[in-house]
Amino acid sequence: MRVVIVTPGSFPIPSGKSSSVEQVVQKTAEKLVTFMPVCVLGRRTKYQPRSEMREGCTYIRVPYGGSRSYISAVSRKIAMRKPSVIQVENRPHFVLYLRKRFPRCFISLVLHSKIFISLPYISQKYLKACLAAADVVIVNSDYLKQAVQAKVPSAAHKIVTQHLGVDVTKFTSRWSPEGNESRTQMLQKLGYENRKIILFVGRLIPRKGVHHLLKAMKTVIQTEPNAVLILVGGAFYGSRRSTAYVKRLYREGSKMPQNVKFVPYTSHADIPKWYHLADVVAVPSEEGEAFGLVNIEAMASGVPVVATNSGGIGEVIKNGTVGCLVDLGKIESDLPLYLLRLLADEELRRAMGEQGIQRVDQLFTWDKAAEMRYELYKHKLGR
């Protein structure tokens with residue numbers, strides 16, 4: 001059994017400046033090779049070879065001149081590989097294209113969010129045709145499963161939920177000797193000794209709810225003047241370009257210069273040290289967050305999470321055990337309340353952090369994610 005994974009082509013893979021889609025593909029593929037040969041097809045760049053073997057995976061890269069020319073080039077590479085499974089990442093229209101060219105091949109569609117199953121990217125009628133062409137549709141949360149079913153009820157029988165994972169060798173506990181040393185060094189470097197750190201990691205876009213967090217900080221610092229909100233990320237993947245929304249956030253942050261720090265887009269490889277620094281991680285996403293890797297990255301790092309109960313986040317965060325869930329309708333009152341509660345109680349923070357580590361080990365590792373994927377394909381193909 002051989003699998004070819006078709007990435008969207010929007011970003012190179014592997015890369016420290018790609019989207020979460022490419023990160024998920026890379027980590028899953030590196031574990032999936034334990035069970036079967038894996039070939040990842042992606043976008044060609046001048047910084048990477050046209051083909052290479054990394055961590056047991058074959059990477060083949062083709063020119064990207066738009067989605068049509070890209071999938072055409074990908075199709076030619078697939079024909080040469082003769083895979084048992086074609087796994088398409090987050091682009092439903094690629095499935096329909098490939099089904100016409102490989103009518104007998106098993107094709108799976110892996111969806112990462114609602115974005116590419118919604119307008120303006122795709123009509124409901126075309127989405128229905130694309131899902132009909134897939135043998136199985138894999139989603140990362142029951143929330144996303146329900147969203148797909150609502151759009152295309154006829155596809156309900158082929159939708160399977162498989163949660164994502166986190167690299168527990170990279171995202172290590174902030175309470176460990178190594179984590180504590182990393183934390184101490186970061187605090188000294190930033191001049192934040194004796195400060196309490198609230199961390200946000202992600203894109204600075206409206207649906208991530210960063211404006212709610214900045215508003216909450218105005219309340220937090222009245223009770224906890226030593227609190228610092230560190231915002232790690234930018235508006236775009238791998239870029240420091242600004243937007244009107246980012247400028248608005250910076251204006252709000254400038255009103256609390258001793259309590260708000262912006263850290264522009266950071267390579268994913270450098271993210272773990274920021275989690276070591278954190279006392280609490282805030283995830284104030286608005287409606288539509290399918291899963292949220294940041295939640296399990298924080299949990300693996302032993303940091304409690306205060307997150308909105310939106311999308312699939314409630315499937316990840318066990319309220320009151322590994323963190324606190326905030327109802328969207330009460331975000332203005334409850335977000336600062338829960339942040340303050342955790343900042344005031346180190347014993348509670350550590351207890352929740354340790355519970356988070358255990359929950360990740362039980363449910364959210366890349367080893368488990370890859371094994372589930374393999375078992376699904378083995379079952380579907382009757383192997």
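The values are calculated or read from the model by the stated rules, or taken from the named source; none is laboratory data. Values in this document were obtained by computation on a predicted structure and should not be read as measured data. Cβ coordinates were reconstructed from backbone atoms using ideal geometry, including for glycine residues, and neighbour counts include every protein chain displayed.
Of note:
- Taking residues in the range 113-141 that are more than 25 Å from residue 315 (Cα to Cα), and partners anywhere that are among the polar types (S, T, N, Q) and surrounded by fewer than 20 Cβ atoms within 10 Å (Cβ to Cβ), the pairs with Cβ atoms closer than 7 Å and at least 6 places apart or on different chains are 128/154.
- Residue within the range 50-72 that is under 23 Å from residue 159 (Cβ atoms), in contact with a Ser or Thr (Cβ under 7 Å, 6 or more places away or on another chain) and not assigned by TED's automatic domain parsing to the domain that holds residue 292 present: no
- Residues in the range 144-189 that are farther than 16 Å from residue 114 by Cα and of a type in the set (Val, Ile, Thr): 166, 168, 169, 172, 184.
- Taking the range 49-72 as the range and being closer than 13 Å to residue 98 by Cα and crowded, with 19+ Cβ neighbours inside 10 Å as the test, the residues that pass are 70, 71.
- The residue that is farthest from residue 367 (Cα to Cα), counting only those in the range 163-183 that are of a type in the set (S, T, N, Q) and surrounded by 14 or more Cβ atoms within 10 Å (Cβ to Cβ), is 182.
- Which numbered condition residue 16 fails, given (1) under 12 Å from residue 89 (Cα atoms); (2) in a loop (DSSP other than H, G, I, E, B): (1)
- Residues in the range 305-357 that are among the charged types (D, E, K, R) and assigned to a helix (DSSP H, G or I): 315, 330, 332, 334, 341, 346, 347, 349, 350, 354.
- Among the residues listed as 233, 312, 302, the single one being at positive phi, surrounded by 16 or more Cβ atoms within 10 Å (Cβ to Cβ) and in contact (Cβ under 8 Å) with a residue 60 or more places away in the chain: 302
- Test for residue 244: is it in the same structural domain as residue 354 (by TED's automatic domain parsing), of a type in the set (A, V, I, L, M) and either closer than 25 Å to residue 350 by Cα or buried (at least 19 other Cβ atoms within 10 Å of the Cβ) (or both): no
- Looking at the range 119-219, the strands (runs of 3 or more DSSP E) lying wholly inside it that each contain 2 or more residues that are of a type outside the set (Lys, Arg) and outside the structural domain of residue 290 (by TED's automatic domain parsing) sit at 136-139, 159-161.
- Checked against the criterion of being in contact with a His (Cβ under 8 Å, 6 or more places away or on another chain), on the phi > 0 side of the Ramachandran plot and buried (at least 19 other Cβ atoms within 10 Å of the Cβ), the range 78-95 has at least one qualifying residue.
- In the range 358-383, the residue that is surrounded by the fewest Cβ atoms within 10 Å (Cβ to Cβ) out of those that are touching a helix residue (DSSP H, G or I) at 6+ places or on another chain (Cβ under 7 Å), assigned to a helix (DSSP H, G or I) and among the aromatic types (Phe, Trp, Tyr) is 374.
- Scanning the range 242-256 for residues that are more than 9 Å from residue 204 (Cβ to Cβ), touching a helix residue (DSSP H, G or I) at 6+ places or on another chain (Cβ under 7 Å) and not in a loop (DSSP other than H, G, I, E, B) yields 252, 253.
- Check on residue 68, closer than 27 Å to residue 47 by Cα, in contact with a strand residue (DSSP E or B) (Cβ under 9 Å, 6 or more places away or on another chain) and not hydroxyl-bearing (Ser, Thr, Tyr): no
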